[in-house]
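Shown next, in structure tokens, is the structure this report addresses.
The values are calculated or read from the model by the stated rules, or taken from the named source; none is laboratory data. Quick caveat, the model's predicted, so the values are computed rather than measured. Every residue, glycine as well, gets a Cβ built from its backbone with ideal geometry; the counts of neighbours run over all protein chains shown. Surface accessibility is based on the protein's heavy atoms, side chains included, excluding ligands, DNA and RNA. Shrake-Rupley method; radii C 1.70, N 1.55, O 1.52, S 1.80 Å.
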Amino acid sequence: MRTDELRETGTLAGFTPWPADFAERYRRAGYWIGETFGDFLRDRAERFGDRTALVDDRRRLSYRELDARASRLAAGLARLGIKPRDRVVVQLPNIVEFFEVCFALFRLGALPVLALPPHRRAEISYFCQFTEAVAYIIADKDGGFDYRKLAEEIQAEASTVKHVLVAGEPGPFTALESLYDEPAPLPTLAPEDVAFFQLSGGSTGIPKLIPRTHDDYLYSVRASADICALDGDSVFLVALPVAHNFTLSSPGSLGVLHAGGRVVLSRRPSPDEAFRWIEKERVTVTAVVPPLCAVWLEAARNARQNLSSLRLLQVGGSKLSAEVARRVRGTLGCTLQQVFGMAEGLVNYTRLDDPEDVIIETQGRPISADDEVRVVDEDDRDVEVGQVGHLLTRGPYTIRGYYKAEAHNAKAFTRDGFYRTGDVVRRTPAGYLVVEGRAKDQINRGGEKIAAEEIENHLLAHPAVRDVALVAMPDAFLGERSCAVVVPRETPPAPRELTTFLRERGLAAYKIPDRIELTGDLPKTNVGKVDKQALRRWIADKIAQKGQ
Ligand code: OOB
């Protein structure tokens, strides 16, 4: 069925490939095996056939069915005119269509841009415009939100978006369901080329896109599945958003599909819904962020559901406190695994057979022997083992550059290709990493990342705002929340007015500041930059004193 006519040479413009000698090394080491996502699914379907691959609240799909439906959808998308390398913004909740859509696009060589369900007009419109997306794929409604309304606004702003495709009731758009067609010839794709885009948590004014290739991503999936000992009996619950790197590939749903297990999609991460799935499908492994871990542990104490099938609870996305970590085994009776990863690449895991203190007190060690990890001081000099420093990394599945971001890449990567993670870590003698803090200007709100500059720019657009700094404030539940410290012009705005303003600008709800403080001036460092450290201390003290 494959034809070579459609093969295109070279890699996507705006993508920074690995240097040839590194690529060669990763191939020789057996990391990059030349498999594409399309081949991956075909191979799994041949091997695992009628086994259940995916389950959601409406459907169960076998490997064979998933494979067939992805090919049929690819044919329908091609008929619409979607071509190799076309970008398509995909914003779907935890439903099986997510996989049908992604694999259909993978097979076509079109590139999914994986947006998250909370994203709204500001984010989606930017992704569509920046990537010149030809299509936007949504569900009709989820969590009480009508994505078709959002799509109408997007189409008005992003002229390249010719198609809005809807899982469910299409409204004025095209029903995804109407596109499944007789499978047609597919292009041959280069496994070293970009397969899709992840989003960066970011620390700059403009969100960055992360190009991931078939070769590099599938390597991280296989190696992760191995580290987590996944097999045909593994049942993975997707409780967090399915498109996030953690739930998708660490080892996530793709790792489970690799191993021939079953992926169960929960619409919501709440204990109610998640625990019902765990009991019903005998879930063996799942991934959560630390605040959710705490909620689950609390709920598990008097849960009516049988959770005994759970073998492994992965926790990552933000720092897990040792105190919560310690309660996992006793409460859920399963192994804890800390996962410290990033959509840019590097993922660290505590290993299943690590001693308890390593599992509780560290954020794990890298997947690969060829993940190069450096911990450096302000001048990029390596610090001693055990000392705190900035984490730099390079390796077989860590990107060499953001998509179309040349100027930013010069800062975010060293000259020799190490990614500056912005994380402040300590490395133990055994090579495990402990996250000690963060140098990047970002708030980690229980795993949801907020780039301070992005929100500051939005607030500066308000006529009553002269200056503003967004900083993290400590929070017992989420770890951090965001506080906007605002210097008003003559008439100080009411905090409510500012949050309404941000909402009207179409910002995702998690990015709306949790607190707004008005002040006469922002503290500055010696070099005249806003002293965010001082601001963080100020707000933390204020909260501690008032107890609020
Ligand atoms: C994951 O990916 P992103 O891209 O949403 O965020 C990456 C950043 C890291 O640079 C770090 O600052 C923070 O999130 N982070 C953690 C952490 N895991 C991620 N900080 C402390 N402890 C942890 N365990 O968040 C992500 C991607 C793949 C797997 C897991 C998480």
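Within the chain, DSSP assigns beta bridges of which about 55% are antiparallel (rounded to the nearest 5). Normalised per residue, the accessible area of the stretch 442-546 is 49 Å², obtained with a 1.4 Å probe and no contribution from ligands, DNA or RNA.
Inter-label distance, R282 to D57: 2.5 nm, where each label sits 7 Å from its Cα along the C-beta direction. Assuming charge only on the beta carbon of Lys and Arg (+1) and of Asp and Glu (-1), the dipole of the stretch 134-260 about its Cα centre is about 340 debye to the nearest 20. Highest mean first, the peptides 98-105, 132-139, 228-235, 152-159 sorted by other C-beta atoms within 10 Å per residue fall in the order 98-105, 132-139, 228-235, 152-159. Hey, can you find the accessible area per residue of the stretch 3-423 for me, probe 1.4 Å, expressed in square angstrom? With the other protein chains kept in place, the stretch 3-423 gives 37 Å² per residue.
Farthest toward the positive end of the dipole of the stretch 419-471, out of V435, L470, H458, is the Cα of V435, where the dipole comes from beta carbon charges about the Cα centre. Only helices enter the 222 nm calculation for the chain: every DSSP H run of n ≥ 4 contributes -39,500 (n - 2.57), and dividing by all residues gives -10000 deg cm²/dmol, rounded to 500. Once Rh is set to the Kirkwood radius over Cα pairs, what Stokes-Einstein translational diffusion coefficient, in µm²/s, holds for the stretch 1-114 at a temperature of 10 °C and a viscosity of 1.306 mPa s? Approximately 101 µm²/s, per Stokes-Einstein.
Classify the chain as rounded, prolate or oblate from the Cα gyration tensor: take a ≥ b ≥ c as the square roots of its eigenvalues, call it rounded if a/c is under 1.5, otherwise prolate when a/b beats b/c and oblate if not. Here the chain falls in the rounded category.
If you roll a 1.4 Å probe over the chain with all protein chains in place, what percent of the accessible area is carbon or sulfur? That share works out to 48 percent. For the stretch 289-330, the square roots a ≥ b ≥ c of the C-alpha gyration tensor eigenvalues yield an a/c of 1.5 or more together with a/b exceeding b/c, which makes the shape prolate.
What shape does the stretch 51-150 take by its C-alpha gyration tensor, where a ≥ b ≥ c are the square roots of the eigenvalues and a/c under 1.5 counts as rounded, a/b above b/c as prolate, and the rest as oblate? Oblate shape, in that a/c is at least 1.5 and b/c is the bigger or equal ratio.
Checking every one of the trypsin sites (Lys or Arg not before Pro) in the stretch 366-474 against DSSP loop status and a limit of 11 other Cβ atoms within 10 Å picks out R381, R415. Protection proxy ranking of 474-485, 19-30, by the mean of other Cβ atoms within 10 Å over each peptide's residues and highest first, is 474-485, 19-30. Judged by the mean number of other Cβ atoms found within 10 Å, the most tightly packed of the peptides 80-93, 321-334 leads the ranking 80-93, 321-334.
Placing +1 on the Cβ of every Lys and Arg and -1 on the Cβ of every Asp and Glu, with no other charges, gives the chain a dipole of roughly 780 debye about its Cα centre. Taking the charge dipole of the chain about its Cα centre, with +1 at Lys and Arg Cβ atoms and -1 at Asp and Glu Cβ atoms, the residue from H163, V89, A509 reaching farthest to the positive side is A509. Over the chain, Cα pairs under 8 Å with separation of 6+ residues give a relative contact order of 12 percent.
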